[in-house]
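Quick one: structure below, then a few questions.
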Amino acid sequence: MSGITLERDGAVAIIRFDRPEKLNSLTLAMYAELGAAFAEVRDDDAVAVAVLTGRGGRAFCVGADLTESIPALAEGRFDISEWDPAHQKHTTLFKPVIAAVNGLCLGGGFEIMLSTDLRIAADTAEFGLPESGVGVVPAGGTLTRLTRQIPYVWAMELMLHGDRIPAAQALRYGLLNEVVPASELLDVALGHAHRLAAKSGTALATIKEAVLRLGDLPQDQAFHHEAHYGQKAFTAPDAREGLTAFAERRAPDFPSRRRPAAG
């Protein structure tokens, strides 16, 4: 059955858009399922990192299934704010999320990608925001996020023209960290994920939360709050273990990564 799937690879959760026969377009139910998957990653202490990708080789996600969502919106049966958890608006998920973009990344799929922290794309991937061509706008976080992530003129070109761009151009724009052969995509993304899973969970969560919370504050106010985040991290058990391990020239055994003993 089509939907959102979640599987585990050790401390890594792999979330998949799983509707390849429809280019992984999102039904209303799938939006809810994706929000629930992000919440599961947030709440499960055994999960350190999430990788988000699409099933099949053709598409990462092409956004909402318009045959369902447009009538629901037009008839007033649905409000797009219900998609906020899937778009990670107002998120409290401070674990890293890595996008492994395996094909077409359009519309809402592009918007969801913008909510992730690291982005690896197959060299066959394409990106686009076609909303203006059908009379709507990319309001799944993109109107806010895109100009904060890449230069204004490139962001506006993507939103106003709605043209598709290849992975190499998306990399040049700063939308991606890396472009790799399609056959290597998931392995590369999981490599990043497992590297992160070996680091301090406290440190990673503090970094992500601070970046999300402080970015819009005036500089002096942001510095004040940054000191609190830093103090919290420096006095946490992970910091004590990390600094001890450094002095003893051994790999750290971070308390945040220890699983509770089975009772």
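Antiparallel as a % of all DSSP beta bridges within the chain, to the nearest 5?
Percentage antiparallel, nearest 5: 30.
Right, next: Tell me the carbon and sulfur percent of the accessible area for the stretch 95-152, rounded to whole percent, probe radius 1.4 Å.
The C+S portion of the solvent-accessible surface of the stretch 95-152 is 58 percent.
Also, I was wondering about something else. Name the long-range amide H neighbours of residue 54: under 5 Å, sequence gap of 5 or more, or other chain; modelled H, no Pro or chain starts.
Here 17, 102 satisfy the definition.
Hey, another quick one. For the chain, please report how many Lys pairs fall under 21 Å Cα to Cα, leaving out neighbours fewer than 8 apart on the same chain. Before the final figure, lay out each step's value.
Working: 89/208; 95/199; 95/208; 95/232; 199/208; 199/232; 208/232.
Summing the qualifying lysine pairs gives 7.
While we're looking at this one, here's another question. Normalized C-alpha radius of gyration of the stretch 165-229, against 2.2 N^0.38 Å?
The reported ratio for this selection is 1.52.
What net charge do the residues around residue 89 carry, taking every other residue with its C-beta under 12 Å from that of residue 89, with Lys and Arg at +1 and Asp and Glu at -1?
For residues surrounding residue 89, the net value is -2.
Points 7 angstrom from Cα along the Cβ direction at residue 247 and residue 235: gap in nanometres?
1.9 nm
Net charge near residue 130, counting Lys/Arg +1 and Asp/Glu -1 over other residues with Cβ under 13 Å of its Cβ?
Spelling it out: positives minus negatives among the neighbours equals -3.
Now, a different point. Where the centroid of each part is defined by its Cα atoms, how far is the stretch 87-163 from the stretch 1-71 in Å?
Cα centroid to Cα centroid, the span is 15 Å.
Could you list which residues have their amide H under 5 Å from that of residue 14, counting only those 5 or more apart in sequence or on another chain, with H placed in the peptide plane?
Residues meeting the amide H criterion: 7, 8, 9, 51.
Accessible area per residue of the stretch 127-200 at 1.4 Å probe, in Å²? Each step should come with its number before you reach the end.
Details: 3910 Å² over 74 residues.
I get 53 Å² per residue for this part.
Also, quick follow-up: For the stretch 117-253, rounded, prolate or oblate, judged on the Cα gyration tensor with a ≥ b ≥ c (square roots of eigenvalues), a/c < 1.5 rounded, else prolate if a/b > b/c?
The shape class here is oblate.
Moving to a separate point now. Can you compute log10 of I(q)/I(0) for the stretch 26-155 with the Debye formula, treating each Cα as one identical point scatterer, at q = 0.12, 0.15, 0.21 Å⁻¹?
Log10 I(q)/I(0), no solvent term: -0.45, -0.72, -1.40.
Tally Lys/Arg at +1 and Asp/Glu at -1 over every other residue whose Cβ is under 13 Å from the Cβ of residue 188; what's the total? Don't skip to the end; give the middle numbers.
Working: positive: 119, 195; negative: 123, 178, 184, 187.
Net charge around residue 188: -2.
Please compute, over every Cα-Cα pair in the chain, the percentage with a separation greater than 24 angstrom.
Considering the chain, 51 percent of its Cα-Cα pairs are separated by more than 24 Å.
Would you compute, for the Cα atoms of the stretch 106-180, the largest minus smallest coordinate along each principal axis and list the three values in descending order, in whole Å?
Dimensions of the stretch 106-180 along the principal axes of its Cα atoms: 34, 22, 21 Å.
Hey, what's the Cα Rg ratio for the stretch 1-94 versus the globular rule of thumb, 2.2 N^0.38 Å? Kindly include the intermediate steps, with their values, before the conclusion.
Details: Rg = 13.8 Å, N = 94, 2.2 N^0.38 = 12.4 Å.
Cα-based Rg divided by the globular estimate yields 1.11.
The values are calculated or read from the model by the stated rules, or taken from the named source; none is laboratory data. Keep in mind that this is a model prediction, so the values were computed, not measured. Because the Cβ atoms are built from the backbone with ideal geometry, glycine has one as well, and the counts that use them run over all protein chains shown. To get the accessible areas, we keep the full protein, side chains included, count just its heavy atoms, and leave off ligands, DNA and RNA. Shrake-Rupley method; radii C 1.70, N 1.55, O 1.52, S 1.80 Å.
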